[in-house]
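Following: one structure in structure tokens, then a few remarks.
The values are calculated or read from the model by the stated rules, or taken from the named source; none is laboratory data. Every value quoted in this text rests on a predicted model; they were computed, and no experiment measured them. Counting neighbours? That spans all protein chains shown, and the Cβs are built from the backbone with ideal geometry, glycine included. Note: areas computed on protein heavy atoms with side chains; ligands, DNA, RNA excluded. Shrake-Rupley method; radii C 1.70, N 1.55, O 1.52, S 1.80 Å.
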Amino acid sequence: KFIGGAYEARSTNLNAQKCQNLYPVIDAQGGKNVVALMGSPGLKAWADSTHVAEVRQLFADESYLYAVIGNRVYRFTTAGAALQMTGTISTTTDQVWMAKNANDEIGIVGEPNGYMLNTGTNTVTLIAAVGFPAAIGLIHQDGYFIVAVQNSDNFNYSSLNAGTAWSALDYYSAEGQPDYLIGCAS
């Protein structure tokens, strides 16, 4: 069947499909079957960064929505007002990761570099610590920023609640049947 997945049954063993951001179109000739799933567009424009580029990552905290658009970082209010942060990241394509610590620092990784957004000064700076590796992925866990190291089975972590402090000795590696890490998750 071409059209399906528009419901979730009581038993997920039977059916655990969901249909999100789509609405079913029923056969107009008197049939009871769904013949198409149509996308539901947004109701109105919410914000405009005035910068035309790929939206690479969104990160929401208690007060704002942060976005990496191209190589720029923006902060949006709940009303949709945009503020471009001072500083940029070096890449304009590929995936970006963001996470926040208890000191209101927002870490940003755009392969292979790491950046720190200081939410007090609205400034994005390159993490220049010697111990910061060529990174993929970024999470925050129990006071530490953690990144997977490119082409390695290692993951490195920052100093406690200090996103710009990294030591080359602060790492762990996958031990049981190790393989290169492709990212990290909390």
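Values computed for the structure shown
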quantity: Where trypsin sites (Lys or Arg not before Pro) in DSSP loops with at most 11 other Cβ within 10 Å are excluded, longest remaining stretch of the chain; calculated: 45-186
quantity: Relative contact order (percent, whole number), the stretch 93-159, Cα cutoff 8 Å, 6+ residue spacing; calculated: 25 percent
quantity: Most mobile of T121, T93, T164 in a GNM of the chain (Cα contacts under 10 Å); calculated: T121
quantity: Extension gain from A165 to A53, taking 0.36 nm per residue of separation minus the Cα-Cα distance; calculated: 37.2 nm
quantity: Exposure rank, largest accessible area first [V109, V130; 1.4 Å]; calculated: V130, V109
quantity: Accessible area (Å², 1.4 Å probe, nearest 10) - Y172; calculated: 130 Å²
quantity: Accessible-area order (highest first, 1.4 angstrom probe) of the listed residues E111, E105, E54; calculated: E54, E111, E105
quantity: The stretch 34-126: Cα Rg divided by the 2.2 N^0.38 Å rule of thumb; calculated: 1.21
quantity: Cα coordinate range in the stretch 76-135, projected on the principal axes (Å, largest first); calculated: 38, 27, 17
quantity: Rg ratio (alpha-carbon, reference 2.2 N^0.38 Å) - the chain; calculated: 1.32
quantity: Estimated FRET transfer efficiency when R0 is 30 angstrom, pair Q84-N113 (beta carbons, to 0.05); calculated: 0.95
quantity: Relative contact order [Cα under 8 Å, 6+ residues apart], the stretch 29-178, whole percent; calculated: 14 percent
quantity: Efficiency of FRET between T123 and V25 - r from beta-carbon atoms, R0 41 angstrom, step 0.05; calculated: 0.25
quantity: ³J(HN,Hα) computed for each position of the stretch 110-126 - Karplus, 6.51 cos²θ - 1.76 cosθ + 1.60, integer Hz, glycine/proline x; calculated: x, 2, x, 8, x, 9, 10, 9, 8, 6, x, 9, 6, 10, 9, 10, 5
quantity: In Hz, Karplus ³J(HN,Hα) per residue of the stretch 55-60 (6.51, -1.76, 1.60; θ = phi - 60°; x = Gly, Pro); calculated: 7, 9, 6, 10, 9, 10
quantity: Solvent-accessible area, 1.4 Å probe, carbon plus sulfur percent, for the chain; calculated: 51 percent
quantity: ³J(HN,Hα), Karplus 6.51/-1.76/1.60, whole Hz, each residue of the stretch 173-183, x for Gly, Pro; calculated: 9, 5, 10, x, 6, x, 8, 4, 6, 10, x
quantity: Computed E for A134/S40 - FRET, C-beta separation, R0 45 angstrom, nearest 0.05; calculated: 0.65
quantity: Accessible surface, per residue, of the chain when the full set of protein chains is kept, probe 1.4 Å, Å²; calculated: 62 Å²
quantity: Equivalent ellipsoid dimensions for the stretch 109-169 as semi-axes, Å, which come from the Cα gyration tensor, largest first; calculated: 18, 13, 10
quantity: Residues whose placed amide H lies under 5 Å from that of R56, excluding near-sequence neighbours; calculated: V68, I69, G70
quantity: Accessible-area value, S159, 1.4 Å probe, nucleic acids and ligands omitted, Å²; calculated: 40 Å²
quantity: Nonlocal amide H pairs with M85, under 5 Å, H built at 1.01 Å; calculated: V73, Y74, R75
